[in-house]
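Everything below concerns the one structure shown next.
The values are calculated or read from the model by the stated rules, or taken from the named source; none is laboratory data. All figures in this text were calculated on a predicted structure; none of them were measured in a lab. Cβ: placed from backbone, ideal geometry, glycine included. Neighbour counts: every protein chain shown.
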Amino acid sequence: MTITFIGHGYVGLVTASVFADLGNTVWVIGHTKEKIENLKKGIIPIYEPGLEEIVKRNVRAKRLLFTLEYDKAISSSSIVFIAVGTPSRENGEADLSSVFEVSEKIAQHSTGYTVVATKSTVPVGTNKKIKEIIEEKKNPKAEVDVASVPEFLREGQAISDTLNPDRIVIGTESKKSEKLLLELHKPIDGNMVLTNIETAEMIKYAANAFLATKISFANAIAHLSEVTGADGLKVLEGIGYDKRIGASFLSPGAGYGGSCLPKDIKALLNISQKNGYDFGLLRQVHKVNEEAIKRISKKAKKVLPDLFGKTITVLGLSFKPNTDDMRDAPSIPIIASLKREGAKIKIYDPVAITNAKKIIKDIVFCKDPYEACKDSDLLIIVTEWNEFKQLDLNKIKKIMRNPAIIDGRNIYDAQKAKELGFNYVGVGR
Ligand SMILES: NC(=O)c1ccc[n+]([C@@H]2O[C@H](COP(=O)([O-])OP(=O)(O)OC[C@H]3O[C@@H](n4cnc5c(N)ncnc54)[C@H](O)[C@@H]3O)[C@@H](O)[C@H]2O)c1
């Protein structure tokens with residue numbers, strides 16, 4: 001099948017490459033000349049494990065084609081996926097300007113029968129608006145059906161998530177478009193949820209809202225355990241064995257971040273407000289998350305009552321391991337708060353430093369964790385990269401000025417760290 005993806009970010013480039021690898025001819029339309037020229041050479045604009053290899057392989061096989069132009073790609077495609085960003089506006093609502101802009105362009109170039117499927121996370125009713133835009137602008141001879149095919153991949157394991165999804169949600173307005181989408185997804189194993197467009201749009205927000213709720217619940221229980229003397233990690237382990245609850249997303253830490261949960265929670269709150277429903281539960285989920293992030297710098301102030309002039313090491317900047325994505329990463333407000341108190345910050349992250357440099361200024365970027373810990377008064381683990389899990393803590397203790405760790409992701413054995421002589425503070429214990 002020949003298909004098109006508009007947008008070559010974490011969603012567009014990964015899913016386009018996987019469909020190309022499955023034997024389809026896949027056009028990817030971008031809007032930045034430099035990025036498109038790089039992609040043609042196999043140079044990718046994001047970090048995602050294993051992605052560069054798949055892109056290169058499919059570019060060589062001429063199954064993955066990058067372009068700035070709509071005409072050839074759209075007119076030759078049976079399905080056109082919209083995978084552009086839908087960031088938060090000031091009031092929390094999803095900014096759909098890119099979605100609508102590309103919808104117009106699709107309309108102008110569609111010929112024959114085309115399914116326009118939205119992968120971007122969009123509020124209920126958006127695909128209806130896309131349909132209106134396309135109907136108004138398209139050639140009367142062209143026939144277009146819209147569909148909602150929300151994406152659930154996780155950065156850092158996006159390729160395996162695309163090939164082995166928990167479910168594939170397909171919301172359509174016609175049997176014809178459903179059949180085409182099912183045919184494309186045939187080689188991919190996963191529960192199929194076939195439904196209408198509005199339901200598919202809502203499933204994506206409901207999933208992210210529930211995941212955020214689990215994380216905030218874990219963080220609230222962890223905090224309560226800390227102040228009452230319970231072991232929060234054991235409490236969460238104890239409830240996680242219950243099949244009705246499940247253990248995933250119950251790890252307390254420095255709060256959730258990233259390009260999806262914070263923005264989608266804000267967008268769902270905005271949708272609720274517009275529809276006259278006060279989603280109080282979700283407001284609290286957001287509030288608990290902000291508190292969890294703030295609590296890391298509060299702990300720093302407890303360990304070092306006067307932060308002015310102190311050197312603090314932050315390990316891990318991306319919002320989670322195995323990605324360079326810095327969008328809404330908890331490291332940003334944590335570092336800002338420490339800087340406000342006059343601390344000097346040294347940081348290290350395996351892949352996010354290039355993106356971080358665009359956002360975080362006046363800090364020392366280091367080439368490895370040990371350089372970052374040298375002469376430091378406090379080490380804070382913000383992202384649980386594997387390479388931090390077995391650092392030589394003996395060596396770190398020797399090179400730090402003051403052996404103290406705030407383990408924002410509970411990656412170290414508290415007992416061992418204390419035995420080594422660290423002032424160790426975890427989350428929930
Ligand atoms: N990143 C994730 O883990 C993830 C998971 C599931 C769903 N989503 C959703 O998928 C969508 C895309 O997310 P992402 O993380 O891939 O974003 P991204 O910022 O990495 O990628 C967005 C892409 O859209 C392109 N783009 C923006 N405006 C454009 C325009 N006018 N014309 C052509 N291209 C344009 C950008 O150049 C970029 O390639 C969002 O709605 C997001 O909520 C993301």
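Can we say Ser88 is within 27 Å of Lys274 (Cβ to Cβ), within 12 Å of the ligand (Cβ to nearest atom) and exposed (fewer than 14 other Cβ atoms within 10 Å of the Cβ)?
Details: within 27 Å of Lys274 (Cβ to Cβ): yes; within 12 Å of the ligand (Cβ to nearest atom): yes; exposed (fewer than 14 other Cβ atoms within 10 Å of the Cβ): no.
Taking the combined requirement at face value, the residue does not satisfy it.
Taking the options Leu68, Leu51, Leu64, name whichever one is under 30 Å from Glu135 (Cβ atoms) and not β-branched (Val, Ile, Thr). First the steps, then the outcome.
Working: Leu51 fails: under 30 Å from Glu135 (Cβ atoms); Leu64 fails: under 30 Å from Glu135 (Cβ atoms).
Just a single option satisfies the conditions, and that option is Leu68.
Filter the stretch 292-349 for residues that are touching a Leu at 6+ places or on another chain (Cβ under 9 Å), polar (S, T, N, Q) and within 27 Å of Asp264 (Cα to Cα) and give the result.
Ser297, Ser331
Take Asn196 and decide whether it is in contact (Cβ under 8 Å) with a residue 24 or more places away in the chain, within 28 Å of Leu281 (Cα to Cα), more than 16 Å from the ligand (Cβ to nearest atom) and not hydroxyl-bearing (Ser, Thr, Tyr).
Values: in contact (Cβ under 8 Å) with a residue 24 or more places away in the chain: yes; within 28 Å of Leu281 (Cα to Cα): yes; more than 16 Å from the ligand (Cβ to nearest atom): yes; not hydroxyl-bearing (Ser, Thr, Tyr): yes.
Taking the combined requirement at face value, the residue satisfies it.
Give the residue, chosen from Glu151, Glu143, that is in the same structural domain as Val115 (by TED's automatic domain parsing) and over 18 Å from Tyr205 (Cα atoms). Even if it seems obvious, please write down each step before you answer.
Numbers: Glu151 fails: over 18 Å from Tyr205 (Cα atoms).
Going through Glu151, Glu143 in turn, just one is in the same structural domain as Val115 (by TED's automatic domain parsing) and over 18 Å from Tyr205 (Cα atoms): Glu143.
Does the stretch 21-62 hold any residues that are assigned to a loop (DSSP other than H, G, I, E, B), of a type in the set (A, V, I, L, M, F, W, C) and away from the ligand (no atom under 15 Å from the Cβ), and which are they?
Initially, the stretch 21-62 is screened for residues assigned to a loop (DSSP other than H, G, I, E, B), giving 22-24, 30-32, 41-50, 61-62.
The next check asks that each one be of a type in the set (A, V, I, L, M, F, W, C); those that pass are 22, 43-44, 46, 61.
Across the stretch 21-62, the qualifying residues are Leu22, Ala61.
Got a sec? Which helices (runs of 4 or more DSSP H) wholly within the stretch 267-360 have at least 2 residues that are buried (at least 24 other Cβ atoms within 10 Å of the Cβ)?
By residue number, 280-303, 331-340.
So that you can scan it fast, the table gives a plain yes or no per residue for (1) touching a strand residue (DSSP E or B) at 6+ places or on another chain (Cβ under 6 Å); (2) more than 21 Å from Gly246 (Cα to Cα); (3) β-branched (Val, Ile, Thr); (4) within 13 Å of the ligand (Cβ to nearest atom):
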| position | (1), (2), (3), (4) |
| --- | --- |
| Gly156 | no, yes, no, yes |
| Ser160 | no, yes, no, no |
| Thr172 | yes, yes, yes, no |
| Leu180 | yes, yes, no, no |
| Gly190 | yes, no, no, no |
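When you go through Thr86, Thr111 one by one, which is the residue that is polar (S, T, N, Q), in a loop (DSSP other than H, G, I, E, B) and without any contact (Cβ under 8 Å) to a residue 60 or more places away in the chain? Please lay out each step first, then the result.
Working: Thr86 fails: without any contact (Cβ under 8 Å) to a residue 60 or more places away in the chain.
On inspection, the qualifying residue turns out to be Thr111.
Among the residues in the stretch 368-384, are any within 22 Å of Gly257 (Cα to Cα), at pLDDT 95 or above and over 24 Å from the mean Cα position of the chain (by Cα)?
Start the filter on the stretch 368-384 by keeping residues that are within 22 Å of Gly257 (Cα to Cα), which leaves 379-384.
Now narrow it down to the ones that are at pLDDT 95 or above: 379-384.
Keeping just the survivors that are over 24 Å from the mean Cα position of the chain (by Cα) gives 379.
Yes.
Pick out the one residue from Lys339, Lys263 that is without any contact (Cβ under 8 Å) to a residue 60 or more places away in the chain, more than 21 Å from Leu236 (Cβ to Cβ) and among the charged types (D, E, K, R).
After applying the criteria, what remains is Lys339.
When you go through (1) of a type in the set (Ser, Thr, Tyr); (2) modelled with pLDDT of 95 or more; (3) closer than 28 Å to Val116 by Cα one by one for Ser216, which number turns out not to apply?
Looking at each condition in turn, Ser216 falls short on (3).
Based on what the data block shows, is Glu237 closer than 28 Å to Asn24 by Cα and in a helix (DSSP H, G or I)?
no
Taking the condition within 22 Å of Glu132 (Cβ to Cβ) and surrounded by fewer than 19 Cβ atoms within 10 Å (Cβ to Cβ), does Glu37 pass?
Working: within 22 Å of Glu132 (Cβ to Cβ): no; surrounded by fewer than 19 Cβ atoms within 10 Å (Cβ to Cβ): yes.
Judged against the criteria, Glu37 is not a match.
Pull up the stretch 64-83, narrow it to residues that are in a loop (DSSP other than H, G, I, E, B) and closer than 22 Å to Val149 by Cα, then point me to the one that is farthest from the ligand (Cβ to nearest atom). Give the steps one after another, and end with the answer.
Restricting attention to the stretch 64-83, the residues satisfying the condition of being in a loop (DSSP other than H, G, I, E, B) are 68-70, 77-78, 83.
With the extra rule that they be closer than 22 Å to Val149 by Cα, the set shrinks to 70, 77-78, 83.
Working: Tyr70: 10, Ser77: 15, Ser78: 20, Ala83: 5 Å.
Applying the filter and picking the extreme gives Ser78.
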